[in-house]
Amino acid sequence: MIFSSLGDTINDYSINTENTPDGILGYLYDSSTIIITTADQYINHQVRKALINAGFSSDIMNNDNIPKYLVNLGLERGKDTFVILMRASIWENKEIGQEYLDHM
């Protein structure tokens, strides 16, 4: 297995959240966000459209694009398997951090 990044990192300097909509500066913690992972721009558009129709703001949506030319997409045997890894390591409130870890 190969573990590597397929694109730009979404981090606290680049993520769109309810507290930092459309990338404005602010306190991004304790706020909702949406991350859309896809290798197809049409699917990305359809997901965004469905989320907006469900009442979510596009200002909190983030793209996690998978470059098609770097992967072997499909459902058949021998196609690539993907793991989405999120890391939370420093908790301002350790009790809230432990609660998150206990119920994820």
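The values are calculated or read from the model by the stated rules, or taken from the named source; none is laboratory data. These numbers come from a predicted model, not from an experiment. So basically every Cβ, Gly included, is an ideal-geometry build from the backbone, and we count neighbours across all protein chains shown.
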- Message: Just to check your reading of the model, which residue among I15, I84, I96 is at pLDDT below 85, among the hydrophobic types (A, V, I, L, M, F, W, C) and assigned to a loop (DSSP other than H, G, I, E, B)?
- Response: I84
- Task: Among the residues of region 15-40, write down those that are more than 14 Å from S57 (Cα to Cα) and without any contact (Cβ under 8 Å) to a residue 12 or more places away in the chain.
- Result: I24, L25, G26, Y27, D30
- Residue by residue through region 36-70, note down the ones that are in a helix (DSSP H, G or I) and among the charged types (D, E, K, R). R48, K49, D59, K68
- Message: If I go through region 49-91 residue by residue, how many of them are loosely packed, with under 11 Cβ neighbours inside 10 Å, hydrophobic (A, V, I, L, M, F, W, C) and over 17 Å from the mean Cα position of the chain (by Cα)?
- Response: 3
- Qualifying positions in region 8-39 - in contact with a Leu (Cβ under 9 Å, 6 or more places away or on another chain) and either farther than 24 Å from W91 by Cβ or surrounded by 11 or more Cβ atoms within 10 Å (Cβ to Cβ) (or both): I15, N16, T17, E18, N19, T20, I34, I36, A39
